[in-house]
1. Residue under question is R346, and the condition is that it be of a type in the set (K, R) and under 28 Å from P64 (Cβ atoms); does it hold?
2. Can you pull out every residue in the stretch 72-99 that is more than 21 Å from the chain's Cα centre (by Cα) and exposed (fewer than 15 other Cβ atoms within 10 Å of the Cβ)?
3. Among the residues of the stretch 245-268, how many are open to solvent by less than 10 Å² (accessible area, probe 1.4 Å) and free of Cβ contacts under 8 Å to residues at least 40 places away in the same chain?
4. Given the structure, is T112 at pLDDT below 90 and either open to solvent by 60 Å² or more (accessible area, probe 1.4 Å) or in contact with a strand residue (DSSP E or B) (Cβ under 6 Å, 6 or more places away or on another chain) (or both)?
5. Answer with yes or no whether L214 is within 16 Å of the chain's Cα centre (by Cα), crowded, with 20+ Cβ neighbours inside 10 Å and in contact (Cβ under 8 Å) with a residue 12 or more places away in the chain.
6. Going through Y231, Y247 one at a time, which residue ends up being of a type outside the set (G, A, S), within 20 Å of F307 (Cα to Cα) and out of contact with any helix residue (DSSP H, G or I) (no Cβ under 6 Å at 6 or more places or on another chain)?
7. Can you tell me which residue in the stretch 7-33 is modelled with the highest pLDDT, limited to those that are farther than 26 Å from M100 by Cβ and touching a Gly at 6+ places or on another chain (Cβ under 9 Å)?
8. Pairs please, first residue from the stretch 308-332 and over 17 Å from V72 (Cβ atoms), second anywhere and open to solvent by 80 Å² or more (accessible area, probe 1.4 Å) and charged (D, E, K, R), Cβ atoms under 8 Å, 6+ apart in sequence or on different chains.
Amino acid sequence: MAVSVAPLDESNLPALRRFSEAVWERPRSEAYYHWRYRSAPFYKAWLALSEGECLATESALQRPWRMGSETVDVMEVFDWYARPELKNAGVGVRVMQALMKQPVPLMLVGGTEQTQSLLPRLKWERVGTSTRFVLALGAARTQEALERRLKLPSTVAALAARAAVLRPGVRPRPRAVPRGGRVVATGCIGDEIQALYDGDLGYGTVPRWTREFLDWLLVGFPGVGHFVPLYFQVDERLVGWSLLRIYATPLGCDAEIIELFTPQPDPEIFTWMISETASRAIAFRPGIIGARTTCPAAGEGFRRNAFRETSRDAVNFWLNGHSTPPEPLLIGSNTNDAALVPLPLRWYEGDRAIVQ
């Protein structure tokens, strides 16, 4: 079987669509495909092809990262997947090797056990750990997670879920506001946030947001969810911002804190920002509020707001001749495809919601 690896273009997009619809539960509308694969020049994908069919693929979002005093483009990879019957045939590795020939570093958070065992053999470098935090607010959503992750019987999971969401202090409460502190709700994110990343930082490595990336994420495809940006200021000075995502699930809705950034790792500021962001999420009645961070100060803020640590994932880089990213890292649910998933299982055709 002759296999070639090629970047995504208009000629092989139909093959990728057939592959996606065979292996994933994702939207299938023209609006989704245009948004996902055509509308963003920073979205990259590579395909392993044979006789016009896609056998494996991998995607990446390319954007600038601040690393020390430099700004470096990084490709954040995800959707590394081969057809199940070909998982041990090496076609997935060939796709990854094609990405590794690109002139910029690659990064990946987490992945399957197979992925984590393979990356060191491909000379990727582990540079940090990302901690997952969850605040459980709805018993049904928590029960579903317990059944799926811990394989608990339904009756046991239901009792455990109810106990979890009713435990004292489970809901965020207003935290001490810094003197002169104020939260500003905005409809979009302006260029003023760039000043936060340009100044003196208490982190060695952070991903940055570009205008085109923000526009693509926030208003490109409504099925991704509803985004709530917040600015935080002290004495008329912008000191941080957060980005909250509200998204649909079969059991209602959930929430994810996508971004949580302040230039210095101050647990008090993080605690305040998390409290305000989570309190606004609660108005949508989510089953859970999720988040992740590599920053101990942010982790302390999540714990003070009743979030519980649920897992830890490796942060891996293919450096491609570049220096190791300087510590500390500040990475949240703002890299790879963490701001996009889960995608809806149902979306609209005309005015009717349909199973995609």
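1. Criteria not met by R346.
2. Selection gives P84, E85, K87, N88, G90, Q97.
3. 1
4. Here the answer is yes, as T112 does meet what is asked.
5. no
6. Working: Y231 fails: within 20 Å of F307 (Cα to Cα).
Of Y231, Y247, the one residue that is of a type outside the set (G, A, S), within 20 Å of F307 (Cα to Cα) and out of contact with any helix residue (DSSP H, G or I) (no Cβ under 6 Å at 6 or more places or on another chain) is Y247.
7. Within the stretch 7-33, the match that is modelled with the highest pLDDT is P14.
8. The qualifying pairs are E309/R303; A314/R126.
The values are calculated or read from the model by the stated rules, or taken from the named source; none is laboratory data. Note that this is a predicted model, so its numbers are computed, not measured. Positions of Cβ are generated from backbone atoms using ideal geometry, with glycine treated the same way; all protein chains shown enter the neighbour counts. SASA here: full protein model, heavy atoms, side chains in, ligands and nucleic acids out. Shrake-Rupley method; radii C 1.70, N 1.55, O 1.52, S 1.80 Å.
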